[in-house]
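The values are calculated or read from the model by the stated rules, or taken from the named source; none is laboratory data. The model shown is predicted, which means the values in this text are computed figures rather than measured ones. Cβ sites come from the backbone with ideal geometry, for glycine too, and all protein chains shown count toward neighbours.
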Amino acid sequence: MTDINKIYSELTIIGTGMAGMAAAYFASKNKIETTQIGINSGIIYSSGFFDLMGVHPIEDRKTWENPWQAIDKLVSDIPDHPYARLGRSNIESAMDQFMEFMNEAERPYMVRKNQNTKVITPVGTVKSTYGVPRSMWAGAVALKEKHPCLIVDFWGLKAFSAKQITDMLMPRWPGIRPLRISFPAVGPSSDLYPEQMARSLEIEANRIQLAEAIRPDLGDAAALGLPAILGIYKPRQVREHLEELLGVDIFEIPTIPPSLPGLRLKEAIEAKITGRGVRLLSQKRVLSAAQNTDGTFELSIGDRATSEIQQIIGCNAVILAGGRFLGMGLHAGRKKIREPLFDLPVFQPEDRALWHQTNFFDPRGHQISQAGLEIDDSFRPTDLAGKPVYDNLFAAGSILAHQDWMRQKCGAGLSIATAYGAVKAFKKLNIEHPTSNIEF
């Protein structure tokens, strides 16, 4: 029998989505010895936009220009929402620090102070968001100022239509028009994929060919919109070179998931946090978890398909940041929703028949979208009496109850801010009640 590798960590983060990555960053910033575990990161499905707060109440579909005013109203109306555990100063600190981190990772974001920004979606609708990738910012400016604009798509690229986008936007943006061309060195009958195109554009000669193909139809355009294909590792250099070649502002429009902006985020964040000392166990699952007599945790790590234990991690504390159902932070059975690792109580509708509204598009949303773990002010999951189940177990992100991040347009903000809150609570606990290190 092969010996099982055993390691120690002050803090273990379960989940590699936005909440997990943010928690890993905040932990590394505070010099906390951290291990992170997860399978497929939900970040790759991200459009790249950082929503803070956009819609409340969801049944009224009321949108807000000022996300902080929206949060104030939300917390007043829904005092159990995770944002209510933080307060504005903590949310602002979390967002500011994470934006600074993204700059360090060479994935800069643009923000209008105290204001959401209107951006273009893959299907040509307009939505409000808080943080906009630098590669998409010129599109937000052009949309606001109604600059003459050319949107380009490519023969062979599916699920991205410049014609659809311009048809949707033309009533509010008369100076926008579409163009379809062949991608450099590829014929019109070939299937194209964003990652393949992005890698191609990291070659200078292909950028020159692309500019030459666009130039005859550029006309009076002051801005040029492309699908999100401007490189994977060098998006700034690719964009700036094309801007130099064509003499106009260039911006990306996200494609349908999985998207290049999401992949860029994943690659950049992973590189930075591992460089800061985070031990990242990618494509691994926590098979079981147990608390030792001294209060520390022991986690069995391995392959869920075979249930083969490959590693054991001992740690002083755990942050659950695995999301709801897609990330397997929660499991929906035939009769109820469970938290599978620690068997924590889950806030949920009393009966499965109440999980969903009769009308799928009901403006009130679905009760299952509010399901999750209830927490105390230190982001510790609580029992039915409101007491923390474990003093050193924390939770962050979409696994938390009393929020509908998708309809409220607060996904990134919720993940980043609650990760900040959980790490801050762990740090405070570790100072006040230090747990002795585990020795294997």
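When region 188-218 is filtered for residues that are in contact with a strand residue (DSSP E or B) (Cβ under 7 Å, 6 or more places away or on another chain) and more than 17 Å from Ser259 (Cβ to Cβ), the ones remaining, listed by number, are Ala213, Ile214, Asp217, Leu218. Among the residues of region 340-360, the one identified as over 23 Å from Arg407 (Cβ atoms) and among the charged types (D, E, K, R) is Asp343. Determine if region 163-181 includes at least one residue that is buried (at least 20 other Cβ atoms within 10 Å of the Cβ), assigned to a strand (DSSP E or B), in contact (Cβ under 8 Å) with a residue 12 or more places away in the chain and not aliphatic (A, V, I, L, M). Checked region 163-181: no residue is buried (at least 20 other Cβ atoms within 10 Å of the Cβ), assigned to a strand (DSSP E or B), in contact (Cβ under 8 Å) with a residue 12 or more places away in the chain and not aliphatic (A, V, I, L, M).
If only residues of region 182-200 that are in contact (Cβ under 8 Å) with a residue 40 or more places away in the chain and within 21 Å of Glu244 (Cα to Cα) are counted, the one that is surrounded by the most Cβ atoms within 10 Å (Cβ to Cβ) is Met197. Scanning region 239-280 for residues that are surrounded by 16 or more Cβ atoms within 10 Å (Cβ to Cβ) and either among the hydroxyl-bearing types (Ser, Thr, Tyr) or at positive phi (or both) yields Thr255, Ser259.
Close Cβ contacts (under 6 Å, 6 or more residues apart or on different chains) running from residues in region 92-112 that are outside the structural domain of Gly139 (by TED's automatic domain parsing) and in contact (Cβ under 8 Å) with a residue 24 or more places away in the chain to residues that are of a type in the set (Val, Ile, Thr) and not in a helix (DSSP H, G or I) comprise Met110/Val132.
Going by what's in this entry, would Gln283 be described as surrounded by fewer than 15 Cβ atoms within 10 Å (Cβ to Cβ), outside the structural domain of Ile208 (by TED's automatic domain parsing) and out of contact with any Pro (no Cβ under 8 Å at 6 or more places or on another chain)? Spell out the reasoning first.
Values: surrounded by fewer than 15 Cβ atoms within 10 Å (Cβ to Cβ): yes; outside the structural domain of Ile208 (by TED's automatic domain parsing): yes; out of contact with any Pro (no Cβ under 8 Å at 6 or more places or on another chain): yes.
Considered against the rule, which asks whether it is surrounded by fewer than 15 Cβ atoms within 10 Å (Cβ to Cβ), outside the structural domain of Ile208 (by TED's automatic domain parsing) and out of contact with any Pro (no Cβ under 8 Å at 6 or more places or on another chain), Gln283 comes out as yes.
Specify the residue that is farthest from Pro388 (Cα to Cα); the eligible residues are those in region 299-341 that are of a type in the set (D, E, K, R) and in contact with a Lys or Arg (Cβ under 9 Å, 6 or more places away or on another chain). Filtering first and then ranking leaves Asp303. The strands (runs of 3 or more DSSP E) found entirely in region 241-292 that carry 3 or more residues being under 30 Å from Thr34 (Cβ atoms) are 279-282, 285-291.
For Ser135, the conditions (1) in contact with a Ser or Thr (Cβ under 6 Å, 6 or more places away or on another chain); (2) buried (at least 21 other Cβ atoms within 10 Å of the Cβ) all hold with the exception of (1).
Considering (1) more than 21 Å from the chain's Cα centre (by Cα); (2) modelled with pLDDT under 90; (3) of a type in the set (Phe, Trp, Tyr), the lone condition that Phe297 does not fulfil carries the number (2). Does region 303-311 contain any residue that is out of contact with any helix residue (DSSP H, G or I) (no Cβ under 6 Å at 6 or more places or on another chain), buried (at least 19 other Cβ atoms within 10 Å of the Cβ) and not β-branched (Val, Ile, Thr)? Checked against the condition, which is being out of contact with any helix residue (DSSP H, G or I) (no Cβ under 6 Å at 6 or more places or on another chain), buried (at least 19 other Cβ atoms within 10 Å of the Cβ) and not β-branched (Val, Ile, Thr), region 303-311 yields no hits at all.
Of all residues in region 88-142, how many are in a loop (DSSP other than H, G, I, E, B) and among the acidic types (Asp, Glu)? Show your work before the answer.
Kept after step one, since they are in a loop (DSSP other than H, G, I, E, B), are these residues of region 88-142: 105-108, 111, 113-114, 116, 121-125, 130.
Retained after the next criterion (residues that are among the acidic types (Asp, Glu)): 106.
Of the residues in that region, 1 qualify.
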